[in-house]
1. Say each of Arg381 and Glu395 gets a label point 7 Å from the Cα, pointing the same way as Cα to Cβ; how far apart are those two points in nm?
2. Roughly speaking, what is the stretch gain from Ala123 to Asn276, that is 0.36 nm per residue apart minus the C-alpha to C-alpha distance, in nm to one decimal?
3. Report the paramagnetic label zone for Asp266: residues of segment 316-354 whose backbone N is under 20 Å from a point 7 Å from Cα along the Cα-to-Cβ axis.
4. Expressed in nm to one decimal, what extension gain is obtained for the pair Glu68 and Arg432 from 0.36 nm per residue of sequence separation less their Cα-Cα distance?
5. Starting from 0.36 nm per residue, how many nanometres of slack lie between Val248 and Arg325 once their C-alpha separation is accounted for?
6. For Glu440 and Arg369, FRET efficiency with R0 = 22 Å and r from the beta-carbon atoms, rounded to 0.05?
7. What does the charge count near Glu311 come to, summing +1 for each Lys or Arg and -1 for each Asp or Glu among other residues with Cβ under 12 Å from its Cβ?
8. Through the Karplus equation 6.51 cos²θ - 1.76 cosθ + 1.60, θ set to phi - 60°, convert the phi angles of segment 202-207 into ³J(HN,Hα) values in whole Hz; use x for Gly and Pro.
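All of the numbers you see were taken from the coordinates with simple rules; none came from a lab. The structure displayed is predicted, hence computed values, not measured ones. Glycine also receives a Cβ, built like all others from the backbone with ideal geometry; neighbour counts cover every protein chain displayed.
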Amino acid sequence: MNSLFFKIFLSFWIAQALFVVLAVVVTLAFRPRTSSWEALLSTTLNDSVSAYEQGGSRGLRDYLQNLENTQHVRAFLFNENMEEVSHRGAPDWAVRVAGGGSRTPHEGFMFPAPPPVLRDSRASSDGLHRYTLILSPPPGPRLFLGPRGLPVPGLFIAVISSGLVCYLLAWFLTMPVVRLRAATRQLAAGDLTARAGAPNIRRRDEVAGLMRDFDAMAERMENLVKAQSRLLNDISHELRSPLARLNVALGLARQRANPDSAAMLDRIELEAGRLNELIGRLLTLARMEDGEQRVPSTPVLLDEVVLSVAEDAEFEAQARHCHVRSEIPAGGWEVPGDPSLLHSAIENVVRNAIRYTREGSTVEVHLERKNRGAGSEAVVRVTDCGDGVPPDALEKLFQPFYRLDDARGRQTGGVGLGLAIAERAVRFHGGRVAAMNRPEGGLMVEIHLPLMPAGLSTKRVVEVVPAAREA
């Protein structure tokens, strides 16, 4: 009985059986007894003939009216000439039945079917006349569906009972599915604590098993993501110690080094500073993934951030005989956020474009405004003139440590973290990043960031300090 199939099968079987049993029981309960009808027919026929012979049409009419009021039956008395002798105006069906025909003018199924009619006849007391009595129950609230009849109460009880059983069955089957769907949506939205909820311990069908498996899967995913975040956090912290010792050793080396070694020591110090800055950003992003850090509400001038990145990138692009051209409209570019993270996100995208654009080409950086619902957003569009990327790799560009090929990564010096850090930093600020190939060649990356409403922006703007470039 733990199978969902047997539960559905038995539930529908019981519902149908209950429907049939109730219909038959109620039909038998409401069917008039044949012996009672026959006795009433014989008594009514004799009394009707006697009332007509003694009181005429008026006496018969009074008797039949009293019979209908007390016994709730309709009766009509016809003579041998098919005349209704009480002169009450017999209906057509009574005339047809008195003549030996059927109640309905056409044979076949009728909805609703007419009530049954009994017919009997006898001679008068002097034997000169013959009378025929037509007896029928009066029309009432009952509805008949066939020649034997099935009253409304039976159908009503049967439909209500089967509907109740089916409703309980549907609720029993669909409620866990609704809970499972809601938990799935929460999990897809990033809430790793979403659970479908353990069903009743006595329920062991397929749906209950699916809910338990989903909860186990969600718990496993939550533990894996937390473990990955802790690992990244721990590694970043552990890297700080050798970097600190490296800086101490670098200071000691400067004291003993000759002037010819100053350039190499400066290079070591620069790379150590870059690595230290990268570790700091990884720690910040790890805290963002854990939900430990909130988006700051301090307004930042995005146009100044973009301009600062473009100016620094222009210096770096000269090594590949390239240029960085920026187009930044003036005014109204306040966004809430962390200036260092925003600078890092845009810089990583621009430096990635410089690495992969063709030598002697130009990387373009545009800042635009777009309306989005009730507010507006800023769009930073960075385009290069490189070879682009395969269409199936566009969604993977923002995954950590993803590179199109190892040889290309060694040539450019990238490790596949720049775009991943940019995507997480932008998402942390409530924005999104998208990459697409240009029809004329090259890659275009768009950074969408929500702008602060005009009434919430202030004149206090944080000064943008360019972050150290990554290796």
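1. Here the answer is 2.4 nm between the modelled labels.
2. Values: separation 153, 0.36 × 153 = 55.08 nm, distance 12.45 nm.
Stretched fully, the Ala123-Asn276 segment lengthens by 42.6 nm.
3. Answer for this model: 316-320.
4. Details: separation 364, 0.36 × 364 = 131.04 nm, distance 8.46 nm.
Full extension of this stretch gives 122.6 nm more.
5. Taking Val248 through Arg325 to full extension adds about 23.7 nm, to one decimal.
6. 0.35
7. Result for the local shell: -4.
8. 7, 8, 9, 8, 5, 5
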